[in-house]
Structure formats: structure tokens, C-alpha cells
Amino acid sequence: MRKILIIDDDESLLYGMKRSLSKQFDVDTAQDSFSAVKSVREQNFDLIFLDYKLGEENGLEVLSLLRAHTSTPVVMLTAHGTTELIIEAIRQGAVDFLTKPVDTAQLVAAIDKYAAEGKDGYCSDKYEDISSIKYDRSAVIAVSEGMKDVLKSVAIISGTNSPVLITGESGTGKDVTAMLIHNYSRRKDNPFVQINCAAIPDNLLESELFGYVKGAFTGAYTGNPGKFQMADKGTIFLDEIGDMPMPLQGKLLQVLQDGRIQRVGDNTFRQVDIRIISATNKNLKELVRTGQFREDLYYRINAFNVDIPPLRNRKKDIWNCCLHFIRLFSVDTGKDICCVDKSARDILENYPWQGNIRELKNIMSKAVALSNTAALRADTILNALGRADTKPAESFFDIFRAKYEENLLSKALEEVEEDIIRRAVASCGENYTAAAKMLGISRVTLYDKIKKYGL
């Protein structure tokens, strides 16, 4: 039987609440902070109801005292829940607020929702225990056959010195795979240098890669060795190589052929010993066909190809990826989440994950931030996912007609646009260039819309 503590200075209210709950729960009461702290030190409770006003005592101060002695979830009771009070209570660890007068049904619903699943490390069969998951930021989840094939390729490729082309949709983890290849190669103790070819303007990309000498151009007050020189004896990872301008593709081909680089403004060549790993979310064969990518360079960088499947095609990995990131973010934020509601699994595994691992990572980070219990509940995960429940969706017309009395079309379109932009930016890790490309709009237009919606 679940054990409940009710803290309130109103003796008649305590009696009524205890009487209404005692048939289903083991209920104890306290009328002040001293007796409340004494109770939690001597007994283990599954949920605590705490009134905001305890005579001359402030409920928030009592909440702080309780938090020093127990991790049991606390639901605040108040006659007037102001914005400041709610925010401060949640920040101090309360899981919810109930406004007086409170009926038995509300109390029971709160107990069913918040009773301390995961307290003291215990997880029932409804929850997945994550306390034993190793804290490893470089871990790659490979339960699905598709990801097992990727790791098999990495095992073989890492033992060679040949160029590698990693392909896959945006957010699938191409950078993690590149780092994995490097870490298992003979170059692992030497530099791993990464550069995103799409994030640097065309006129600056050459100097970033090849370096420049002092006075090579206006503003070049000192020299810069460049990424190739920095990666000497190690690995350079050219992300989004499909966006590399044609003139620079020819210079890259020369590096692949003879290992020589020439800094901007320099007349001499320098020898470098590097392994080149490239990645793209574009169809390079199609770019070759349309004359946007050099065919000879394509075959040079594609000595080995690793194609990472999209997350929606590797459903066996999704739940384990969720648990992995929940564990990471729980440790990082000091939340001490020890178990996760299994009822969210089916929804997560059937979610489309257009942003792949990057989107999943952001959603799990949000879920952990929203959680205020040792057990991460399904409703918290669905809230982070943008799905408040699992009921069949109403038609768009019914949803928006219930919200807006006039200008239905324009308001509905704005709401949908705001949501899509927010999700696109989140799934791209707040990389506005990538988000603009995903949305099919210019970066200037994206900035305007972000400003318009206050995102």
C-alpha cells in the first residue's frame, strides 16, 4: 500500500483528507515543519502533499527542508497559485500544484501520477531501469542489423589508411562514425580535425583548409597553418563535402594524389600525412551527373563507403538510444533519473524522427529537463515530443475552429509554420543554415520568422 504524507496546519482539513484516502492508502499527517521533517526522517513515503501556508511558516521554506532529507515527490496545495509561487516551487523540486478546495479524485489522480516510482533506486515492471547504463558520450547504439553492419564496416576500414565517404541523412551521426573510425585507427593518438564545408563561405573555405601566410589578403596580419596542416599525422573530417565549391574540389584532389598543400599567398608546397574522411547527406552521383561535383574526386574520396541508415529504419535502436541519452542528460543535470516509463516505447519507436539521432537527442534532453521525479514518466516524454496524449487526432479543421473564431486560415497557417520552424531548428541542433536548407528558405527569411514568432 502506498504511503502518503499530508502537511497542513488546518486540523479539520487534514482529518477530511486522511479519511477520504485511508481506504486506498496508508496516510500520515503533519501540521508544521518540525513534525514533517521528523516524519520523513523516520519513514519512507511515496508522495507528500504540502500546503503553501502553514500558519506563520512558508511552504516553500518547508519544501526546501524536506528536500534536504528526502527525494519523495511533493505536490503543493494552495488557495491561490500565483505565477511567481508556481515557478519558485517547481524550481525547488515540487512536481505539481493543486488548487484548494481539492476533492478526493484529484488527490488520487496525483498519487497515481506522481507516487515515487524510482525512489531509492526501485523500479517496478512498468519502468525500465537505466541506473546501470554506462555513462559514455561516445557510445554508438547498434541493436539493429543496419547499425551492426555500420560497426562491421568501421572495424574493417579503421585498419586501413584509405579515404572514406560516409553517407546518410542529416542527423544520423556521420560525425560520430568518423570519430569512431579515427579512434580505432593507427592515427588515434594524433589529431582529429573537423570542418563543415557548408558552414563556411566559399571565399573563406580555401584559407580555412589550406591556411595562409601573413599578408596573403586584407586582414591577414598573421599566418594560419590551415586544417590540413593541423591534421598532419592524423585525420581530417570534411563534413558536407557535397557543398564544396568546384574550384576547391580540384585542389582537394591534388592533396589526395600527392599529399601536398599550398597555403594561400605562398609559393611553396608542404607535405602532409593525413587520412581524409568525408561525409554528405547529398547524392554525390547525381551531383556528378549534373556537373556539380568532380567525378575523379568522387572516386578518390569513396575508396570505402559507410552508409548510415535513417533512424526510422532502425527501430530496434530507438528505445536504447532514448535510454542512453536520458542517462547522459540525467547525470549531466544531476536529476538522478533511475527509470523510464515503458509505455512510451511504442510511441517513440513509431515516431518518424525526421531529424534522426540529432532530433532524438534534443527531445530526450528536453524530457529530462521537464522531469522532476526519479522516474521519467511517459507523459513527460510525450510532452517533450510535442504530443500531450495518444488519443486519435482530431481533424485540423476541428482543432483550429475550437481555438479561433475568425481568420481561421491565416491563424492556423501561422501556428503550423511556427511549430515546423521550431522543430526544424531543434532537429538541426540550432544550426540555422542547416535548418533553412531543410525548410527550403533562405537564412534571412528564417531569421525573420524566428523573430516574428519569438523563437
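The values are calculated or read from the model by the stated rules, or taken from the named source; none is laboratory data. If you're wondering where the values come from, they're calculated on a predicted model, not measured in any experiment. Reconstructed Cβ throughout: ideal geometry from the backbone, glycine too, with neighbour counts over all protein chains shown.
Just to verify a result, which residue in the range 286-312, among those that are of a type outside the set (Val, Ile, Thr) and exposed (fewer than 15 other Cβ atoms within 10 Å of the Cβ), is nearest to Ile357 (Cα to Cα)? Checking each candidate, the answer is Asp307.
Determine if the range 111-119 includes at least one residue that is over 26 Å from Cys322 (Cβ atoms) and not assigned by TED's automatic domain parsing to the domain that holds Arg377. So that I can check it myself, show each step before the final result.
As a first pass, look at the range 111-119 and keep what is over 26 Å from Cys322 (Cβ atoms): 111.
The next check asks that each one be not assigned by TED's automatic domain parsing to the domain that holds Arg377; those that pass are 111.
Yes; the residues of the range 111-119 include at least one that is over 26 Å from Cys322 (Cβ atoms) and not assigned by TED's automatic domain parsing to the domain that holds Arg377.
For the range 218-237, a residue qualifies if it is free of Cβ contacts under 8 Å to residues at least 60 places away in the same chain and closer than 15 Å to Ala279 by Cα, and the qualifying residues are Thr235, Ile236. Considering only residues of the range 156-199 that are among the charged types (D, E, K, R) and either farther than 23 Å from Leu297 by Cα or assigned by TED's automatic domain parsing to the domain that holds Asn431 (or both), which is surrounded by the fewest Cβ atoms within 10 Å (Cβ to Cβ)? Selected residue: Asp189. Here the condition is being farther than 28 Å from Gly159 by Cα and assigned by TED's automatic domain parsing to the domain that holds Val154; of Phe293, Phe304, it holds for Phe293 alone.
For (1) buried (at least 21 other Cβ atoms within 10 Å of the Cβ); (2) at pLDDT below 85; (3) within 30 Å of Gly93 (Cβ to Cβ), each residue gets a yes or a no:
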site: Asn350; (1), (2), (3): no, no, no
site: Gly386; (1), (2), (3): no, yes, yes
site: Glu394; (1), (2), (3): no, yes, no
site: Tyr404; (1), (2), (3): no, yes, no
site: Gly440; (1), (2), (3): no, no, no
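Being closer than 24 Å to Thr160 by Cβ and crowded, with 16+ Cβ neighbours inside 10 Å, is that true of even one residue in the range 211-225?
Quick first cut of the range 211-225, residues closer than 24 Å to Thr160 by Cβ only: none.
No: the range 211-225 contains no residue that is closer than 24 Å to Thr160 by Cβ and crowded, with 16+ Cβ neighbours inside 10 Å.
Within the set Leu107, Leu63, Leu77, Leu85, the sole residue that is surrounded by fewer than 19 Cβ atoms within 10 Å (Cβ to Cβ) and under 36 Å from the mean Cα position of the chain (by Cα) turns out to be Leu85. Of all residues in the range 139-171, exactly one satisfies the criterion of being in contact with a Pro (Cβ under 6 Å, 6 or more places away or on another chain) and outside any helix (DSSP H, G or I), namely Glu169.
Of all residues in the range 37-48, those satisfying the criterion of being within 23 Å of Ala109 (Cα to Cα) and hydrophobic (A, V, I, L, M, F, W, C) are Val40, Phe45, Leu47, Ile48.
Please enumerate the residues belonging to the range 334-361 that are in a helix (DSSP H, G or I), under 24 Å from Asp96 (Cα atoms) and in contact with a helix residue (DSSP H, G or I) (Cβ under 6 Å, 6 or more places away or on another chain). Can you show your working first?
Step one: of the range 334-361, the residues in a helix (DSSP H, G or I) are 342-350, 356-361.
Subsequent filtering for residues that are under 24 Å from Asp96 (Cα atoms) retains 342-344.
Scanning the range 334-361 gives Ser343, Ala344.
Beta carbons closer than 6 Å, at least 6 apart along the sequence or on distinct chains, pair a first residue in the range 144-165 that is in contact (Cβ under 8 Å) with a residue 60 or more places away in the chain with a second that is among the basic types (Lys, Arg) for Ser144/Arg314; Ser144/Lys316; Gly146/Arg314; Met147/Arg314; Asn161/Arg275.
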